[in-house]
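J.: Pasting a structure below so you can have a look.
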Amino acid sequence: MSENGQKHVRLAVRCLALIAAAAVALSVLPWAFALPAPAAVSPFVAACSAIAARSVSLVTLIGLPVLAVSWFRRRWFCRWACPVGLLLEQVGRLRRSPGDGWKKLPPLGRWIALVTLAGACFGYPLLLWLDPLAMFGGLFGAFRWPLTVVSVLAAGALPIVVVGTLLLPRVWCGRLCPLGGTQELLASIGRTRRRAPRGQVGQAAPPAPAPAPLSRRSVLALGVGAAWGAVTVTAFGRGRRQALRPPGAVDEARFTGLCIRCGQCVRACPSEIIHPDLGRFGVASFLTPVIRYEGNYCLADCRRCTQVCPSGALRRLSPADKRRAHIGLARVDRNLCLAGVGAKCAACVDSCPYEAIRIVTNKEYYAARLEIDPRKCNGCGACQAICVTAPRKAIVVGPRE
């Protein structure tokens, strides 16, 4: 095939990849299992999330083919399948003389990949959310109606990259992208391994050459990532969870690092109780998913948010696991509860799908009060959603101690 024909084939393949990724992000395709695919196909996300989560799931395995090909073909994914790369390439062409100023920048993408990989070894992949495919998925949060400030902020990462490409074409793909940096690292390791000398037939193989040492800046990046990961996991591990996270969430010490802010769980939730955090629970929690029970609750048989997470921040749950997964714990304000003042209200008792709430009557004082069994309550929020007291709810779900 001629060089011109190969370019046309490559462009057609990239366009198909862009259309497929957009269709998945917009939930056009009927297959729920496809939702995490655009971000999960990234070897940067796949490798770091598997190391941080200490497990390999079916979603993680989606990135293995790209990881394997990147070992032999330098930046193969960038050239043939990356939807963000195709968008940025077209944006960069808007400038008549793009120049090559981007080549003067150091390979920050590699360093970001090394920082994140080292942090993942300690359970906290610091910059995993900089993956371009995660940004691509987050962009489609702006297509959810009604449009809110939170959804616009969550979708803003990729437009920022686009503006940067208008100012300095090729800078993201050439120097900043951690996905591209990961492929560069894999290709360089693979190239070094393939060039190792071998002995001829009948002769002893010469000793293998010592591996090329990492540059000082690469070692520094590994050290920064490892130190940050160790300190963060230790600091979070000493405290309790402050926010209500979706079911299946890993411990808070790793959650804010593993979450790539793609918004898939927000868009997948049929009850619309999952929202991006605006930093209420700290800078590290910014744009991570939190649960707010505002008129609805977590359905007992729903596991959609756990099925669409591409990074392992939300573990995939079976139906039985979902019933045992603790989101939080309901607590009663006895000063507001109508049952405690003699009113015939048992709305929360009737609505609880886990039979965790009961009314206990003190026969000596003819007083009634609500009691919640913490062993049965998983914090689904059905009681809070149905509670009739206003403006404050008498029963509220909060984090467990």
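J.: Helix 178-194 versus the longest principal axis of the chain: what is the Cα-based angle in degrees, 0 to 90, to the nearest 10?
T.: Tilt of helix 178-194: around 50 degrees.
J.: Using a simple spin-label model with points 7 Å from Cα along the Cα→Cβ vector, what separation in nm is obtained for ALA230 and GLN242?
T.: If labels sit at ALA230 and GLN242, their model points lie 2.5 nm apart.
J.: Arranged from highest to lowest average of other beta-carbon atoms within 10 Å per residue, in what order do the peptides 292-300, 129-137 appear? Each step should come with its number before you reach the end.
T.: Details: 292-300: 17.7, 129-137: 25.8.
The most tightly packed comes first, giving 129-137, 292-300.
J.: Any chance you could list the semi-axes, whole Å, largest first, of the equivalent ellipsoid that the Cα gyration tensor gives for the chain, using √(5λ)? Mind showing how you got there, number by number?
T.: Values: eigenvalues 458, 114, 68 Å².
Values for the chain, descending: 48, 24, 18 Å.
J.: How much length would be gained if the chain were fully extended between GLU401 and LYS7, taking 0.36 nm per residue of separation minus their Cα-Cα distance, in nm to one decimal? It would help to have the intermediate numbers written out before the result.
T.: Values: separation 394, 0.36 × 394 = 141.84 nm, distance 5.84 nm.
So the chain would gain 136.0 nm between GLU401 and LYS7.
J.: Compare the Cα positions of ALA37, ILE19, GLY190 along the charge dipole of the chain (+1 at Cβ of Lys, Arg; -1 at Cβ of Asp, Glu; about the Cα centre) and return the one farthest towards the positive end.
T.: With unit charges placed on the Cβ atoms, the residue in question is GLY190.
J.: Here's another thing I want to ask about it. Tabulate in residue order the Karplus-calculated ³J(HN,Hα) for the stretch 78-88, using 6.51 cos²θ - 1.76 cosθ + 1.60 with θ = phi - 60°, rounded to whole Hz; enter x for Gly and Pro.
T.: Ordered by residue, 3J(HN,Hα) equals 4, 7, 10, 9, 6, x, 5, x, 5, 4, 5 Hz.
J.: When a footprinting reagent is the concern and you count Cβ atoms within 10 Å, what order do LEU287, LEU64, LEU94 take, fewest first? Each step should come with its number before you reach the end.
T.: On the way: LEU287 24, LEU64 15, LEU94 10.
Ascending Cβ contact count within 10 Å gives the list LEU94, LEU64, LEU287.
J.: Moving on. Could you tell me the distance between the Cα centroids of the stretch 333-349 and the stretch 251-266, to the nearest Å?
T.: Cα centroid to Cα centroid, the span is 37 Å.
J.: Highest mean first, how do 387-399, 262-274 rank when packing is the count of other Cβ atoms within 10 Å averaged over residues?
T.: Details: 387-399: 16.3, 262-274: 22.6.
Ranking the peptides 387-399, 262-274 by packing returns 262-274, 387-399.
J.: Give me the distance between the Cα centres of the stretch 107-126 and the stretch 272-295, rounded to whole Å.
T.: The stretch 107-126 and the stretch 272-295 have Cα centres separated by 25 Å.
J.: So if I take the centroid of the Cα atoms in the stretch 352-401 and the same for the stretch 37-57, what is the distance between those two points in Å?
T.: After rounding, the separation between the Cα centres reads 39 Å.
J.: From the C-alpha gyration tensor of the stretch 327-401, pull out the three semi-axes of the equivalent ellipsoid (sqrt of 5λ each), sorted largest to smallest, in whole Å. Don't skip to the end; give the middle numbers.
T.: Details: eigenvalues 76, 38, 23 Å².
So the equivalent ellipsoid measures 20, 14, 11 Å along its semi-axes.
J.: Now for a different question. What FRET efficiency comes out for ILE19 versus ARG358 if R0 is 56 angstrom and r is the Cβ-Cβ distance? Round to the nearest 0.05.
T.: Details: r = 54 Å, r/R0 = 0.97.
E(calc), rounded to 0.05, equals 0.55.
J.: Can you compute the modelled spin-label distance between VAL219 and ASP373, with each label point 7 Å from Cα toward Cβ, in nm?
T.: Taking the two extended label points, one gets 6.0 nm.
J.: Can you give the relative contact order of the chain as a percent, counting alpha carbon pairs under 8 Å and 6+ residues apart?
T.: Numbers: 725 pairs, mean separation 66.4, N = 401.
Dividing the mean separation by the residue count of the chain yields 17 percent.
J.: Also: Using Cα atoms only, what is the angle between the long axis of helix 3-25 and the major principal axis of the chain, expressed in degrees (0 to 90) to the nearest 10?
T.: 10 degrees
J.: Follow-up question, since we're still on this one. Calculate the FRET efficiency for GLN90 and ARG191 from the Cβ-Cβ distance with a Förster distance of 25 Å, rounded to the nearest 0.05. Don't jump to the answer; show the numbers that get you there.
T.: On the way: r = 30 Å, r/R0 = 1.21.
E between GLN90 and ARG191, to the nearest 0.05, is 0.25.
J.: Within a 10 angstrom radius of the beta carbon, how do HIS275, HIS8 rank from fewest other beta carbons to most? Mind dumping the intermediate values first?
T.: Values: HIS275 17, HIS8 11.
Ranked by crowding around the Cβ, least crowded first: HIS8, HIS275.
J.: Tell me the angle of helix 108-121 to the major Cα principal axis of the chain, expressed in degrees between 0 and 90 and rounded to the nearest ten.
T.: Compared with the principal axis, the helix lies near 50 degrees.
J.: Stokes-Einstein diffusion coefficient for the stretch 315-369 at 10 °C in a medium of 1.306 mPa s, Rh from the Kirkwood formula over Cα pairs: what value in µm²/s? It would help to have the intermediate numbers written out before the result.
T.: Details: Rh = 13.4 Å.
It diffuses with D of about 119 µm²/s by this estimate.
J.: Mind telling me which of ARG303, ARG73, ARG193 comes out most flexible in a GNM of the chain, alpha-carbon contacts under 10 Å?
T.: The residue with the greatest mean-square fluctuation here is ARG193.
Every read-out reported here was derived from the displayed coordinates using simple, explicitly stated rules and does not represent laboratory data. Keep in mind the model is a prediction, meaning the values are calculated, not measured. All Cβ positions, glycine included, derive from the backbone under ideal geometry; neighbour counts span all protein chains shown.
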